Amino acid sequence: MSGSQVPVAADLAATDDIGWAVRLLAATPTHEHRDPELLRRWARAADAFGSALAPVACRARIVDRDGGLELGLLARYTSRPPTVELYTDTIERAERVVDARGWRDWYPPGSVRAAALAHEAVHVHLHHGPAKAALKRALGHSALRLGRLRVPGHVAGAEEVAAHAYARTVCGLGRSPLLLTAALAAETESGTDPGTTPPPARDARREN
């Protein structure tokens, strides 16, 4: 979420899931000067796409490790070899943030790890199958038009929005994990401490 203005802590939950998705897109390089309504349309399309995905099994090796606080990561998918890294130190801190903010009804115990894994499973799914092309079609962005020929274009950040929506849906969360990552970022910027200081919100950044 770097590059976007984070509201004061008390106002975080007042922004709905689509609003946080729009903020994510607006903070993504190449979208700096996009029409906000276009970003909202893309955010809605990506959120709907992720919400409608059938459950997918994670087809990558899953590794639990520390070090996420230093990296500012909850989880990461790397494709060579296909591996999902879940950072237990950041996940534990995120659970403390949930308790501190009174969001346990939205994020039940253990749901942060489950959502992080679900999120990365979608990255694996999109990376290795036809779903990435389906997402492009759902977004309706054209990279090229020649008469009736239209080549669907890539929308940076849309995969992240879709993955968050998928995690929210399959894990039965009351709110998107985007809200939680915004809270982690806000804690860092304000210097408040729900037990310890969480890292910037950079969950689910895929690195190849």
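Residues checked against (1) among the acidic types (D, E); (2) closer than 21 Å to A134 by Cβ; (3) in a helix (DSSP H, G or I); (4) touching an Asp or Glu at 6+ places or on another chain (Cβ under 7 Å):
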site	(1), (2), (3), (4)
G19	no, no, yes, no
T28	no, yes, no, no
H31	no, no, no, no
F49	no, yes, yes, no
T78	no, no, no, yes
E85	yes, no, no, no
T90	no, no, yes, no
V98	no, no, yes, no
Residue, most open to solvent (accessible area, probe 1.4 Å), within region 69-91, restricted to residues that are under 21 Å from V122 (Cβ atoms) and of a type in the set (A, V, I, L, M, F, W, C)
L71
Does A133 satisfy the criteria of being part of a strand (DSSP E or B), of a type outside the set (S, T, N, Q) and either farther than 20 Å from T90 by Cα or modelled with pLDDT of 95 or more (or both)?
no
Selection within region 54-68 - open to solvent by less than 50 Å² (accessible area, probe 1.4 Å) and outside any strand (DSSP E or B)
V56, C58, A60, G67, G68
Kindly indicate the residue of region 7-42 that is hydroxyl-bearing (S, T, Y) and at negative phi and also modelled with the highest pLDDT among those meeting that condition.
T15
Every pair of residues 6+ apart whose Cβ atoms lie under 8 Å, when the first sits in region 63-85 and is within 17 Å of L184 (Cβ to Cβ) while the second is assigned to a helix (DSSP H, G or I) and charged (D, E, K, R)
D66/D89; G67/D89; G68/D89; L69/D89; L69/R93; A75/E120; R76/E120
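The values are calculated or read from the model by the stated rules, or taken from the named source; none is laboratory data. Keep in mind that this is a model prediction, so the values were computed, not measured. Neighbour counts are summed over all protein chains in view; Cβ atoms, including those assigned to glycine, are modelled from backbone coordinates with ideal geometry. The protein model used for the area step is the full one, side chains on, heavy atoms only, and it has no ligands, DNA or RNA in it. Shrake-Rupley method; radii C 1.70, N 1.55, O 1.52, S 1.80 Å.
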